[in-house]
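For reference, the structure is listed below as structure tokens.
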Amino acid sequence: MPRTGLVAGASRRRRDLTRDVPFRSMPGSLRFRLPALFLLGIVIVGVVSAAIAVQLFQGYTRDSSYEELAREARGIARLYGDAALRAAEEGTPAPDFATEALELATGDQLYYFGAPAFPGQDVGVERLAESAVPEEVRSADKQVEFEFRPPGERQTFLAVSQPLRLEPGSPALGTFIVAKPRDVVREQWVPLIGRLAAAVAIGGLLAWLVGAWLSRRISGPIQELARASDEIASGNYAVQVPVGRGGSEVSHLSERFNEMAARLAATEERERQFLMSVSHELRTPLTAIKGHVDALRDGLVDDPELISASLDVVANEATRLERLVGDVLDLAKLRAHRFTVHTEEVDMGRLVEQAYGSFGDEARRREIAYTLGGAENAPTIITDGDRVLQVITNLLKNAFRWTPDGGSIGVALDASNGTVRVDVTDTGPGIAREDAQRIFSPFVSHDTQGTGLGLPIAQELAGALGGRIELDTEPGRGSRFRLVLPARSA
């Protein structure tokens, strides 16, 4: 289907793109990557948090175990110290409480090294050779926390040593050691790892679900925009994407995209109309030229006066073609921003008088009341004089084209508030409100004398010079075209 057909059938083929292309979640798609990244972030945070929690809990259980061992060591050393002191003073035997009972009550193991507290008596505490104990424990005169491997054991123990004294401040007879396997401490925090792993897994699942939901909210409109962009790239401008609720960035982007698509469609339609209008405007004089040339070449016209009239028609139509091509090129340069403005000092009074004087003969011939005002005290400004003259000339051509014989046309110049204003008023038929903007579009004309490019070129030139054209008109009352330029003084 041609592009023009695509635009012409825009209203019939406008559709919601969400129903055209099914969603496919590919590994490289945004909808897959968003929840994957979200899940990866949650998993990394969970693993790091779990590792920190395990380290903290390890330190806590280790410190708690040492504190517990320290309390037990102090209590057992005091218990045995008091019993040893009574045995020395009163000759009582060794205490009858069994070491196995103490170990059962505390869940720890007891060791002793040094001089016997009850000479010749067995108290049931396993004695260690001093070589089995670290040097810092043997030489210490206070409680010490350490790790060691007792004789006959295959695992390392956490231990606390406590010197045995009969009285406070007296020399130590020996040292009690209360110890527990390090694996027992590990068993306290190993279950935590399982719980943390389960928590991370549950958190990851929830993160994936939340990420998938968010990705659908975020990536869905973006995918619709991508599909709509593909449609526009293929030449179909009759596309619309749904605009979400609220004022999010995606909603704003969707609104602007719909506006862009509508403007592209309108631009393409204008281009089509422009080409059709140019073709028509070129075909009309070419047809006339061809007809007269064929008649002259075939000898159908032999009267000298008719031959001269035919040549005049050919010359006039050629001039019209030249003017049309020049106007089209000027308009194309202006709209493509390839138009160069040459600034200079311009005496606006003399320039307006020059434009005014170009139409004096026509005004007298048609008995039009033709007036000029305000040119005496006109300022000198910095602008492109040739282009300003072209704008005013185009406005005057339009006024003379529509003003009937015996009517009136006025040109007025005024400068105030940092602007220069040139008014061209006429007593023509006026312009309807609905046509007030259309007359500035190319090839929009209600007669056959002009090309319909004068006012569009004037408006584009005024904008290129930093000014504008204002229109005040009413059907039956005439029109006033005002050129407003910035008064940049020399």
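Structure summary
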| read-out | value |
| --- | --- |
| Extended-chain gain in nm, criterion 0.36 nm per residue less alpha-carbon gap, Glu259 and Ala233 | 7.8 nm |
| Residue-by-residue Karplus 3J(HN,Hα) for the stretch 157-164, coefficients 6.51, -1.76, 1.60, Hz, glycine and proline x | 10, 8, 9, 9, 9, 9, x, 9 |
| Leu205 versus Asn417: modelled label distance in nm, points set 7 Å from Cα along the beta carbon direction | 7.2 |
| Inter-site label distance for Thr284 and Glu474 at 7 Å from Cα along Cβ, in nm | 3.2 |
| Options Ser161, Gly124, Ala77, ranked by Cα towards positive dipole end of the stretch 37-189, top entry (Cβ charges) | Ser161 |
| Probe 1.4 Å, accessible area per residue of the stretch 58-217, Å² | 57 |
| Label point 7 Å beyond Cα of Ala197 along Cβ direction - residues of the stretch 42-74 with amide nitrogen under 20 Å | 42-59 |
| HN-Hα J in Hz across the stretch 106-117 - Karplus 6.51, -1.76, 1.60, θ = phi - 60°, x for Gly and Pro | 8, x, 10, 10, 10, 9, 8, 9, x, 5, x, 6 |
| √(5λ) per eigenvalue of the Cα gyration tensor, the stretch 356-490, largest first, Å | 23, 18, 13 |
| Spin-label pair Ser408/Leu85, simplified geometry with 7 Å Cα→Cβ offset, distance in nm | 13.4 |
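The values are calculated or read from the model by the stated rules, or taken from the named source; none is laboratory data. Keep in mind that what you see is a predicted model, and the values were worked out from it rather than measured. Neighbour counts are summed over all protein chains in view; Cβ atoms, including those assigned to glycine, are modelled from backbone coordinates with ideal geometry. These accessible areas exclude ligands, DNA and RNA; they are computed on the full protein's heavy atoms, side chains included. Shrake-Rupley method; radii C 1.70, N 1.55, O 1.52, S 1.80 Å.
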